Structures are given as C-alpha cells and as structure tokens.
Amino acid sequence: MTKSRNAGSFEDAAFEVVRILTAAKAGQATGLSPKTIRDYTDPDRAGRPSLETAVKLDAACFAAAGRAPFLEAYTRQLSASTNETPQRFGDVLTEALDIPGAVGRLLDTVRRTTLPTSPRGAALSDGEREKVLKVLQEPRRELDDLEAAVMSTPKK
C-alpha cells in the first residue's frame, strides 16, 4: 500500500527520486543503502536526507531526467513559508521561486521527447514538438511574472 505524501514535501521529493532513479541507483549516487533511500519516502519516519545527500540525489536525477525533486520541494516550501498570505502578485521572491520548477518540467519534457526510444529518437515528432512548445510557455510566463513583480516594486 502506498502512503499519502504531501505534494512538495521532502518525502514526496524522495519518492520522485526513487521513481526516477530506483532506490538502488539513488543509493549508489549517495553511498547509502537502498533501504535508507526508501525510508526517506516514508512520511511516518523522522529521518530526512542531509543537504549534501539531497544535492547528490538532485544531481543524479537531473542527469537522468532533467529534474531536481529536492530543489523543487525546497523552493515550494520556501515560497509557502515566506508569504503571510497566499501568493500575492508582485512578490518578487515568490515569482522567482516559481522559475526552477517550470524549467525542470521543461527539461524533463525535452529529455523524454529526445530519448532514443521516443518515436523519432533525438528528432522531434510533430506531437513531441507540440508538447515541448506547450511546456516551453510555462517558464516564459514565470519569467514574465517575475519581470512584472520587479517592475511593480516601489522605488525608494
């Protein structure tokens, strides 16, 4: 039975690492046992990976899938904890923290659409081209939101 994890939690990030790499490969990347890696996915356990371990796991995931699950979780949690209210338009930090996740999703899409096992290999099929173009809009929107937030910040 799969346990419920909060989206953006470190347990959810660890689960994404295991999904992307497998516990065995994640263990090899960090020098830890696969059981320790799997334990990080359990919301009922107290242990969490150190920052050094999280960076190693993110680096391995980035090399494999173009994503950094712990960085995504960290930026999400930082964004949530730096707002007194739900996300406000014009908050520069909040807008900036949305960018890494959007870029990670774009990199993952590009990686998946250019795999040797994809329909046209490294070349893009029409469907893959459309998918990349669609996902490419998200980082652009996030950058536009950041620019608007910076421009709307009062000058002192």
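Apart from one condition, THR53 fits all of (1) surrounded by fewer than 16 Cβ atoms within 10 Å (Cβ to Cβ); (2) in the same structural domain as GLN28 (by TED's automatic domain parsing); the exception is (1).
Checking each residue of the stretch 92-114 against the condition of being out of contact with any Lys or Arg (no Cβ under 9 Å at 6 or more places or on another chain) and in contact (Cβ under 8 Å) with a residue 60 or more places away in the chain gives at least one match.
Within the stretch 9-26, residues that are over 11 Å from PRO69 (Cβ atoms) and in the same structural domain as THR41 (by TED's automatic domain parsing) reach partners that are of a type in the set (A, V, I, L, M, F, W, C) and crowded, with 21+ Cβ neighbours inside 10 Å with beta carbons closer than 6 Å, at six or more positions or on different chains, in the pairs ALA23/ILE37. Of the numbered criteria (1) at pLDDT below 95; (2) more than 28 Å from ASP145 (Cβ to Cβ), the one THR53 fails is (1).
Here's the yes/no breakdown for (1) surrounded by 14 or more Cβ atoms within 10 Å (Cβ to Cβ); (2) modelled with pLDDT of 90 or more:
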site	(1), (2)
LEU78	no, no
GLU84	no, no
LEU97	yes, no
GLY104	yes, no
PRO119	no, no
LEU124	yes, no
PRO139	yes, yes
LEU143	yes, yes
MET151	no, no
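All conditions in (1) among the small types (Gly, Ala, Ser); (2) out of contact with any Ser or Thr (no Cβ under 9 Å at 6 or more places or on another chain); (3) outside any helix (DSSP H, G or I) hold for GLY47, with the sole exception of (2).
Against the definition (in contact with a Phe, Trp or Tyr (Cβ under 9 Å, 6 or more places away or on another chain) and over 27 Å from THR113 (Cβ atoms)), how does ARG5 come out, yes or no?
Numbers: in contact with a Phe, Trp or Tyr (Cβ under 9 Å, 6 or more places away or on another chain): yes; over 27 Å from THR113 (Cβ atoms): yes.
Yes: the conditions hold for ARG5.
Residue-by-condition table, conditions (1) in contact with an Asp or Glu (Cβ under 7 Å, 6 or more places away or on another chain); (2) without any contact (Cβ under 8 Å) to a residue 24 or more places away in the chain; (3) farther than 18 Å from GLU11 by Cβ; (4) not hydrophobic (A, V, I, L, M, F, W, C):
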| residue | (1), (2), (3), (4) |
| --- | --- |
| SER33 | no, yes, no, yes |
| ILE37 | no, yes, no, no |
| ARG45 | yes, yes, no, yes |
| SER50 | no, yes, no, yes |
| LEU57 | no, no, no, no |
| ARG67 | yes, no, no, yes |
| PHE70 | yes, no, no, no |
| ALA73 | yes, no, no, no |
| ALA80 | no, no, no, no |
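Applying the set (1) farther than 17 Å from TYR74 by Cβ; (2) part of a loop (DSSP other than H, G, I, E, B); (3) touching a helix residue (DSSP H, G or I) at 6+ places or on another chain (Cβ under 8 Å); (4) of a type outside the set (D, E, K, R) to THR36 leaves exactly one unmet item: (2).
Conditions tested, residue by residue: (1) farther than 16 Å from GLU16 by Cα; (2) not charged (D, E, K, R).
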{"residue": "LEU51", "(1), (2)": "yes, yes"}
{"residue": "LEU57", "(1), (2)": "no, yes"}
{"residue": "ALA60", "(1), (2)": "no, yes"}
{"residue": "PHE70", "(1), (2)": "no, yes"}
{"residue": "LEU78", "(1), (2)": "yes, yes"}
{"residue": "VAL103", "(1), (2)": "yes, yes"}
{"residue": "PRO116", "(1), (2)": "yes, yes"}
{"residue": "PRO119", "(1), (2)": "yes, yes"}
{"residue": "GLU128", "(1), (2)": "yes, no"}
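The values are calculated or read from the model by the stated rules, or taken from the named source; none is laboratory data. Not measured: the values here are computed from a predicted model. Cβ sites come from the backbone with ideal geometry, for glycine too, and all protein chains shown count toward neighbours.
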